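Undergrad: First, the structure itself, so that you have it in front of you.
Rule-based calculations on the coordinates, nothing more; no lab input. Predicted model, so just to flag it, every value in this text is computed and none were measured. Here the Cβ positions follow ideal geometry from the backbone for every residue, glycine too, while neighbour counts run over all protein chains shown.
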Amino acid sequence: MTKPVLETSTTEPEGMLASDGPDPKRHGDPVFRGFATGAGILILAILAAVAAFLLFQGAPALIADPAALTEQGYGPFWAWVLPFIFGTLWAAILALVIAVPIAIGIALFISHYAPRRLAQPLGYVIDLLAAVPSVVFGLWGGLVLAPAVVPLYTWLNQNLSWIPLFSGQVSGTGRTILTAAIVLATMVLPIITSLCREVFLQAPRLHEEAALALGATQWEMIKLAVFPYARPGIIAAIMLGLGRALGETMAVSMVLSGSANITIQVLTSNNPNTIAAVIAQGFPEAFGLKTNELIAAGLVLFVITLAVNMVARWIVSRRAAYSGAN
Amino acid sequence: MSKRIEITDLNVYYGSFRAVEDVSMTIEPKAVTAFIGPSGCGKSTFLRTLNRMHEVIPGARVEGEVLLDGENLYGPGVDPVRVRRHVGMVFQRPNPFPTMSIKENVLAGINLNNKRMPGSEKDELAEQALRGANLWEEVKNRLDLPGSGLSGGQQQRLCIARAIAMQPEVLLMDEPCSALDPISTLAIEDLMNELKDRYTIVIVTHNMQQAARVSDTTAFFNIAGTGAPGRLIEVGPTDKIFSTPDVKDTEDYISGRFG
Amino acid sequence: MTTLTESLNPGALTSGRLPRMAEPGILVGAAITGLTISALIAGGNIALGVVLAYVIFLVTIEIVARIVEGPRQAADRRARSLIVGAFVLALIPLGSVTYEVVKNGMARFDVNYFSMSMRNVVGEGGGAAHAITGTLWVTGMASLISVPIGLMTAIYLSEYGSRSKLSQSITFFVDVMTGIPSIVAGLFAYSLMAMLFGPGTVSGFAGSIALSVLMIPVVVRSCEELLRLVPNELREASYALGVPTWLTIVKVVVPTAISGIVSGVILAVARVIGETAPLLIAAGFTASLNNNPFSGPMMTLPVFVYDSYAHPGIPPQAYLDRAWAGALTLIVIVMVLNLTGRLIARRFAPKTGR
């Protein structure tokens with residue numbers, strides 16, 4: 001340590017603390033910060049642009065003369081789109097009726113019933129379902145599931161046709177809204193499951209142990225200590241699943257042979273189509289005002305899903321605020 | 001290269017809460033100054049104001065003057081980033097960069113600031129800094145291994161090496177031994193004794209024996225109660241503070257009656 | 001203490017419980033009964049047999065448990081059976097999709113499939129080379145757009161935006177954005193292009209824009225989460241060395257989280273690479289190879305699958321075979337991406353040493 005390098009180069013002039021000389025590195029901070037902030041603002045702008053562009057391109061269909069729409073498009077916008085709004089909601093609701101109980105069951109299985117070592121791999125398995133592209137589900141739904149469910153549908157129709165849902169002339173291809181709903185249910189299952197699993201795992205352990213110590217069975221413990229705590233989370237998960245089911249395109253458009261009618265019969269070949277499927281099926285061939293009408297329909301879908309998602313996120317954030325969990 | 005720090009009427013606020021009130025003192029160069037006091041008395045906060053590290057915490061601000069050899073750290077046009085290049089800091093828990101090797105950790109200050117330097121000079125600097133931190137013999141054969149593979153005490157000395165490789169005038173140490181075992185603590189204390197020939201060293205410690213062992217000057221901080229700001233109660237030569245302090249509170253604290 | 005021990009006469013803790021083997025026994029019995037009934041009345045339909053077996057099991061265990069153990073235990077057993085049943089039920093589509101895709105996809109999973117386009121192909125032969133290249137172009141460009149925007153936004157949220165109004169609203173709207181229907185993203189890209197270059201403009205780039213809308217929020221969420229995991233001590237260590245904030249972020253924070261960021265990006269790519277609807281609208285269809293993403297329609301693998309399925313020629317089998325092979329290719333790509341992402345996240349996670 002005779003002549004340490006450490007002490008050689010430290011002879012800075014007086015006033016070394018004030019940044020008198022130009023230090024190029026110091027411009028980095030505001031620039032970088034600007035980029036980061038700009039990226040964030042850009043995202044807000046993109047979201048606004050999505051709404052704005054749909055509005056611009058959809059507007060002609062909304063303000064055009066009904067006669068022009070009949071001549072060149074699909075007819076007056078609201079009358080045209082109404083059955084599809086119904087179809088969208090109806091398919092999504094059917095899907096949720098199927099998916100929600102199963103998803104809650106799976107989430108409970110993973111969080112409270114499966115051996116601890118298995119819980120994570122089982123979670124992955126369910127996540128794999130989420131990774132399957134929707135077009136693959138569509139293919140499977142159209143070519144495998146639809147033919148497979150025909151006998152079931154025939155049986156339901158023969159024996160339970162006093163229930164309005166199952167009445168009517170049963171479809172011979174199985175491509176009904178119920179099949180589409182089953183495929184949709186499969187697709188929203190992992191979303192609902194993973195969120196429910198998370199809230200079930202967050203349920204306070206002390207409450208659970210207290211319930212068990214009082215002699216509750218495991219199911220009673222879950223009813224007593226897990227469900228009340230998890231209720232807002234479950235609702236939010238359902239809403240998110242709903243958002244996904246409303247917007248899902250391919251699975252429906254590849255499975256369903258839909259048309260513009262409003263019916264609650266789920267086994268017949270007369271099915272209401274969904275907005276997303278109508279767009280996907282009609283867009284490649286559309287021109288002129290038809291294109292505008294399809295885009296306007298997309299705007300309606302956007303508004304519906306936006307509302308559903310905002311409610312869901314609001315519930316989630318409210319829960320996070322008072323449970324103190326992040 | 002060791003510099004004197006003069007603090008006048010320093011107040012530290014977190015938002016509207018005053019954490020430290022009216023501190024004035026002088027920290028001598030080429031010496032070790034220890035800050036002692038009960039938890040929450042503001043000594044760590046105060047330490048951070050000496051290289052403007054408190055500004056990392058949102059809402060923290062300072063009133064008053066801190067002169068480093070006559071130059072105000074809080075003067076207009078002073079860049080906190082430059083201040084920190086002159087006033088180094090070592091933290092409570094060793095925090096080597098997990099993505100860097102031992103050598104890269106030592107040279108982190110140079111590399112992170114995009115400073116250009118020939119490779120041979122870098123090697124020499126790394127060796128000097130590691131020698132300065134009494135770590136060279138232990139790591140010279142594994143300079144390219146990750147710094148996180150070292151023991152806690154070695155990691156802390158690596159952090160000291162990292163700080164002195166920046167060639168600071170002052171070295172601030174915020175409870176540098178609180179996460180270490182007694183043997184490692186001893187190594188760090190020995191190191192401080194060597195380093196004070198070249199640097200102004202300020203150490204915050206909860207361990208009064210440590211303050212007595214390593215420091216030349218001791219400053220005692222205290223708070224009147226929860227929510228009250230921390231104050232400097234007494235400062236003086238360590239021998240005097242630990243034998244015949246002027247203030248009763250200091251004596252009570254030293255003798256273990258509270259805190 | 002004595003009274004308690006007295007009341008616990010031998011067997012007090014075990015009486016009123018079904019023996020351990022009762023449940024599996026009933027299950028086996030129910031399975032045999034169910035499958036037999038199905039064989040007798042429905043010609044051995046396995047699905048029907050399994051459903052029957054499950055119902056018989058539920059009913060039997062309910063009755064037995066109610067008699068031996070009482071209603072509370074019976075409810076507990078019922079809940080458990082239903083929950084396990086739900087899990088098994090969910091495995092059916094997963095298993096079926098995998099099985100069918102592999103079985104049907106292998107028919108055309110050959111060299112031609114990966115080397116030929118559909119140009120001038122009618123009926124058998126041809127391949128998806130044009131669609132695979134298109135997918136690489138479109139997804140690659142979508143990543144080039146999304147990763148910088150997503151990462152920078154994540155940096156803003158975790159490093160700069162500490163609870164400001166702006167960062168709160170960005171967080172909220174990023175969440176909302178994850179819920180945008182993919183077809184709406186496609187319509188957005190289409191409308192954008194229509195307004196810039198006239199109606200009917202479809203291109204690979206328009207497809208990339210549509211995918212970016214879907215990908216950006218995923219990238220933001222995963223990157224932000226990972227940046228927040230970087231210990232604050234490392235930032236402080238860097239600041240204390242006189243390193244400016246931006247260099248601290250670029251050279252300390254991001255490198256520490258890089259493995260997670262890479263894996264997050266890979267998972268985001270895996271999510272959008274199978275998107276069909278937006279590309280259907282924004283990138284269009286073609287039977288030929290197109291290597292210019294800025295001009296003309298560009299085929300992509302998911303759209304190829306959809307097109308082969310929805311608009312088959314005659315005879316349709318060759319088209320369906322190609323669709324299945326495309327589905328298999330897609331699944332393989334997605335699974336490989338998923339596994340790589342998870343592996344990177346696990347293998348290269350920085351060891352903080354504590």
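Undergrad: Using a Förster distance of 25 Å, how high is the FRET efficiency between B:Ile183 and C:Glu233, based on the Cβ-Cβ distance and rounded to 0.05? Before the final figure, lay out the partial values.
TA: Values: r = 23 Å, r/R0 = 0.93.
Approximately 0.60, to the nearest 0.05.
Undergrad: Further question: For chain A, treating each Cα as an identical point scatterer without solvent, what Debye log10 I(q)/I(0) comes out at q = 0.14 1/Å?
TA: Log10 of I(q)/I(0), two decimals: -1.17.
Undergrad: How big is the shadow of the Cα convex hull of the range C:211-272, averaged over all directions, in nm²?
TA: Numbers: hull surface 16.6 nm².
Seen from a random direction, the Cα hull of the range C:211-272 projects 4.1 nm² on average.
Undergrad: Between B:Ala60 and residues 5 or more places away or on another chain, which pairs have amide H atoms under 5 Å apart, with H built 1.01 Å from N, and which residues are they?
TA: Here B:Gly15 satisfy the definition.
Undergrad: Using the reciprocal of the averaged 1/r over all distinct C-alpha pairs, how large is the Kirkwood radius of the range A:195-297 in Å?
TA: 17.4 Å
Undergrad: Using a Debye calculation, one point per C-alpha and no hydration shell, please list log10 I(q)/I(0) for the range B:1-58 at q = 0.25 Å⁻¹ in order.
TA: So the normalised log intensities work out to -1.19.
Undergrad: A 23 angstrom limit on the alpha carbon distance is what I want to check against. Which of B:Lys43/B:Lys248; B:Lys43/B:Lys196; B:Lys122/C:Lys251; B:Lys30/B:Lys240; B:Lys43/B:Lys115; B:Lys115/C:Lys251 exceed it?
TA: Details: B:Lys43/B:Lys248 19 Å; B:Lys43/B:Lys196 21 Å; B:Lys122/C:Lys251 18 Å; B:Lys30/B:Lys240 19 Å; B:Lys43/B:Lys115 33 Å; B:Lys115/C:Lys251 13 Å.
Result: B:Lys43/B:Lys115 exceed 23 Å.
Undergrad: How are the alpha carbon pair distances in the range C:114-347 distributed across 10 Å bins from zero to the largest one, expressed in percent?
TA: Going from the shortest bin to the longest, the percentages are 8, 28, 29, 20, 10, 4, 1, 0.
Undergrad: Let me ask something additional. Could you work out [θ]222 nm for chain C from helices alone, using -39500 (n - 2.57) per DSSP H run of at least four and dividing by all its residues? Round to the nearest 500 deg cm²/dmol. Before the final figure, lay out each step's value.
TA: On the way: 15 runs with 253 residues, N = 354.
It comes out at -24000 deg cm²/dmol, rounded to the nearest 500.
Undergrad: Moving on to the next point. Give me, ordered by chain and number, the residues 5 or more places off B:Met173 or on other chains with an amide H under 5 Å from its own placed amide H.
TA: B:Val90, B:Val202, B:Ile203, B:Val204
Undergrad: Dividing the alpha-carbon Rg of the range C:18-100 by 2.2 N^0.38 Å yields what? Provide the component values of the computation, followed by the final result.
TA: Numbers: Rg = 14.3 Å, N = 83, 2.2 N^0.38 = 11.8 Å.
So the Cα radius of gyration is 1.21 times the expected 2.2 N^0.38 Å.
Undergrad: Another question about this same structure. What residue among A:Ala286, A:Gly28, C:Ala154 has its Cα farthest toward the positive end of the dipole of the protein assembly as shown, where the charges are +1 on Lys, Arg and -1 on Asp, Glu, each on the Cβ?
TA: My answer, from the dipole projection, is A:Ala286.
Undergrad: On each of the three principal axes of the Cα atoms of the range A:115-234, give max minus min coordinate, whole Å, ordered largest first.
TA: That gives 55, 36, 25 Å along the principal axes, largest extent first.
Undergrad: When you look at the Cβ of every residue in B:74-80, what mean number of other chain Cβ atoms sits within 10 Å? Write out the running numbers ahead of the final one.
TA: Numbers: counts 1, 3, 1, 5, 5, 8, 4.
Partner-chain Cβ atoms within 10 Å, mean over residues of B:74-80: 4.
Undergrad: How many nm separate the modelled label positions at A:Gln72 and A:Leu152, each set 7 Å beyond the Cα in the direction of the Cβ?
TA: In this crude spin-label approximation the distance works out to 4.7 nm.
Undergrad: Round to the nearest 0.05 the FRET efficiency obtained for C:Arg72 and A:Arg231 when R0 = 25 Å and r is the Cβ-Cβ distance. List each step's numbers first, then the result.
TA: Details: r = 23 Å, r/R0 = 0.91.
Calculated value: 0.65.
Undergrad: Separate question: Size of the dipole of chain B about the Cα centre, Lys and Arg at +1 and Asp and Glu at -1 on the beta carbon, nothing else charged, in debye to 20?
TA: Working: 28 positive and 34 negative charges, 132 e Å.
Dipole about the Cα centre, nearest 20: 640 debye.
Undergrad: Under the rule of at least 5 residues apart or a separate chain, name every residue whose amide H is placed under 5 Å from the amide H of A:Ser259.
TA: Close amide H contacts, sequence-distant or interchain: A:Asn271, A:Asn273.
Undergrad: Here's something else I'd like to know. Give me the Kirkwood hydrodynamic radius of the protein assembly as shown, using the inverse of the mean 1/r over all pairs of distinct Cα atoms, in Å to one decimal. Present the calculation step by step, with values, prior to reporting the outcome.
TA: Working: mean 1/r = 0.0307 Å⁻¹.
Radius from the Kirkwood sum: 32.5 Å.
Undergrad: Work out the charge dipole of the protein assembly as shown with +1 on the Cβ of Lys and Arg and -1 on the Cβ of Asp and Glu about the Cα centre, then indicate which of C:Ala30, B:Leu130, C:Tyr239 is farthest towards its positive end.
TA: C:Ala30
Undergrad: Compare the Cα positions of C:Cys223, C:Val88, C:Ser143 along the charge dipole of chain C (+1 at Cβ of Lys, Arg; -1 at Cβ of Asp, Glu; about the Cα centre) and return the one farthest towards the positive end.
TA: C:Cys223
Undergrad: Please give the per residue volume of the convex hull enclosing the alpha carbon atoms of the range C:68-134, rounded to a whole number of Å³. Write out the running numbers ahead of the final one.
TA: Numbers: hull volume 8.3 nm³, N = 67.
Output value, Cα hull per residue: 124 Å³.
Undergrad: Relative to the compact-globule scaling 2.2 N^0.38 Å, provide the ratio for the alpha-carbon radius of gyration of the range A:16-149.
TA: Details: Rg = 26.7 Å, N = 134, 2.2 N^0.38 = 14.1 Å.
Taking N as the residue count of the range A:16-149, the ratio is 1.89.
Undergrad: If you count, for every residue in C:152-162, the Cβ atoms of partner chains within 10 Å of its Cβ, what is the mean? Can you show the working numbers first?
TA: Working: counts 9, 9, 3, 7, 9, 3, 1, 3, 5, 3, 2.
Neighbouring Cβ atoms belonging to other protein chains average 5 per residue here.
Undergrad: Also, quick follow-up: Calculate for chain A the 222 nm mean residue ellipticity that helices alone would give, adding -39,500 (n - 2.57) per DSSP H run of length 4 or more and normalising by residue count, nearest 500 deg cm²/dmol.
TA: Working: 13 runs with 226 residues, N = 326.
Estimated from H runs of four or more residues: -23500 deg cm²/dmol.
Undergrad: Is there a quick way to get the dipole size of chain C? I mean about its Cα centre, with the Cβ of Lys and Arg at +1 and of Asp and Glu at -1; what is the value in debye to the nearest 20?
TA: Details: 23 positive and 17 negative charges, 129 e Å.
Dipole size: approximately 620 debye.
Undergrad: Still on this model: Under 16 Å from a point 7 Å along the Cα-to-Cβ line of C:Ile314: which residues of the range C:118-154 have their amide N that close?
TA: C:122-124
Undergrad: Enter the per residue convex hull volume of the range B:5-254, computed from alpha-carbon coordinates, in Å³ rounded to the nearest integer. If you can, show how the numbers build up before the last one.
TA: Details: hull volume 32.1 nm³, N = 250.
Roughly 128 Å³ of hull volume per residue.
Undergrad: Find how many whole Å separate the alpha carbon centroid of the range B:51-79 from the alpha carbon centroid of the range C:85-139.
TA: Computed from Cα coordinates, the inter-centre distance equals 64 Å.
Undergrad: Another question, if that's okay. If you average the C-alpha positions of the range A:46-119 and of the range B:154-215 separately, how far apart do those two centres end up, in angstrom?
TA: Here the answer is 63 Å between Cα centres.
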